[in-house]
Amino acid sequence: MHKYIIFQAEPNAEGWENRKLQHTQTLTRILAEHWDSSDKPIPEPGYRPLEFIRVEALHDPNQHAHSTHYRKGDWEVARVETYTPDVPMGKYDMVVICYCKYSPINASLKPMPERQISIDSFGGDEAAYKQWLESQKEPAEV
Amino acid sequence: MTGWGSRVERVALSEVEGESKPVYKIIVAIYLSRHAATDEGKCEVMSRKYGWALVGVEKTPDDPVLKVDCVFEGKTEFPKPYHENEKESD
């Protein structure tokens, strides 16, 4: 089952003045999005979506995209609404909206995991993958 | 692929109707994994192909080829080709 899950703050919730879509600068209540094709159940009240943190002093552009760490987030799911299509022919089998309340916790930071690279990173393009692998080889000393 | 690692800890003994019964606590750990991709669309493709939960997509700062990191819940690994599994069992 393919689920699109939106974690959303309630109106006027903590930080509303600074929660913006970067490309338009309009305000948003969206805290996080998940695209879940696993067989796990949908989030329930009490679930905390993860937060991604950038510790500037530890950021290495060779290792990290934006975030250096992650932690259990300060937002907690308070209620869940699910929407399923009448006809199951679209992209998602279910859209889930998780309304969250701000409930900060003292969660420890965990380092982002190692980056994995495979042929799927190239959408199955074996030639592109091999070309990339070649580019990563150290030139032989002559 | 397991999305959550967990272990069970016995934390106490509890008296129930005159009998000591153990009380257990389930400790749940959160795992994430990160897979590079040439563009953001490939993240959802991986998610659908392997049945993973995609929880974030981040733009890499400098890489001209691998432009994004796809972040998945759980210890996700790509399935090994059949012949590699065969070699391991030799």
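Worth pointing out:
- Test: residue in region A:38-52 that is over 18 Å from B:Val55 (Cβ atoms) and without any contact (Cβ under 8 Å) to a residue 40 or more places away in the chain: yes
- When restricted to residues that are closer than 18 Å to B:Gly56 by Cα and within 12 Å of chain B (Cβ to nearest Cβ), region A:76-95 contains 1.
- Boolean, A:Glu81 is more than 18 Å from A:Met1 (Cα to Cα) and free of Cβ contacts under 8 Å to residues at least 40 places away in the same chain: no
- Residues located in region A:97-110, provided they are exposed (fewer than 12 other Cβ atoms within 10 Å of the Cβ) and within 11 Å of another protein chain (Cβ to nearest Cβ): A:Ser108
- Taken over region A:29-52, residues that are more than 11 Å from chain B (Cβ to nearest Cβ) and over 19 Å from A:Arg79 (Cα atoms) amount to 0.
- Just so you know, in region A:53-75 the residues that are in contact (Cβ under 8 Å) with a residue 12 or more places away in the chain and of a type in the set (D, E, K, R) include one that is farthest from the other protein chains (Cβ to nearest Cβ), and it is A:Asp74.
- Candidate set from region A:1-28 (those that are in a loop (DSSP other than H, G, I, E, B) and aliphatic (A, V, I, L, M)); member that is nearest to the other protein chains (Cβ to nearest Cβ): A:Met1
- Test: residue in region A:106-113 that is without any contact (Cβ under 8 Å) to a residue 24 or more places away in the chain and closer than 17 Å to B:Val57 by Cβ: yes
- Matching strands (runs of 3 or more DSSP E) fully within chain B where at least 3 residues are modelled with pLDDT of 60 or more and more than 7 Å from chain A (Cβ to nearest Cβ): B:4-16, B:19-30, B:68-73
- Counting only strands (runs of 3 or more DSSP E) that sit completely within region A:29-96, those holding 2 or more residues that are at pLDDT 95 or above and open to solvent by less than 30 Å² (accessible area, probe 1.4 Å) correspond to A:30-36, A:69-72, A:75-83.
- Residue tally, condition of a type outside the set (D, E, K, R) and facing chain B (nearest Cβ under 7 Å), over region A:111-135: 9
- Subset of region A:76-105 (residues that are farther than 13 Å from A:Ala13 by Cβ and acidic (Asp, Glu)): A:Glu81, A:Asp86, A:Asp93
- A:Gly124 satisfies every condition listed in (1) open to solvent by less than 50 Å² (accessible area, probe 1.4 Å); (2) of a type outside the set (D, E, K, R); (3) in contact with a strand residue (DSSP E or B) (Cβ under 8 Å, 6 or more places away or on another chain) except (3).
The values are calculated or read from the model by the stated rules, or taken from the named source; none is laboratory data. Note that this is a predicted model, so its numbers are computed, not measured. For neighbour counting, all protein chains shown are included, and Cβ atoms are generated from backbone atoms with ideal geometry for every residue, glycine included. Areas reflect the complete protein model, heavy atoms only, side chains present, ligands, DNA and RNA absent. Shrake-Rupley method; radii C 1.70, N 1.55, O 1.52, S 1.80 Å.
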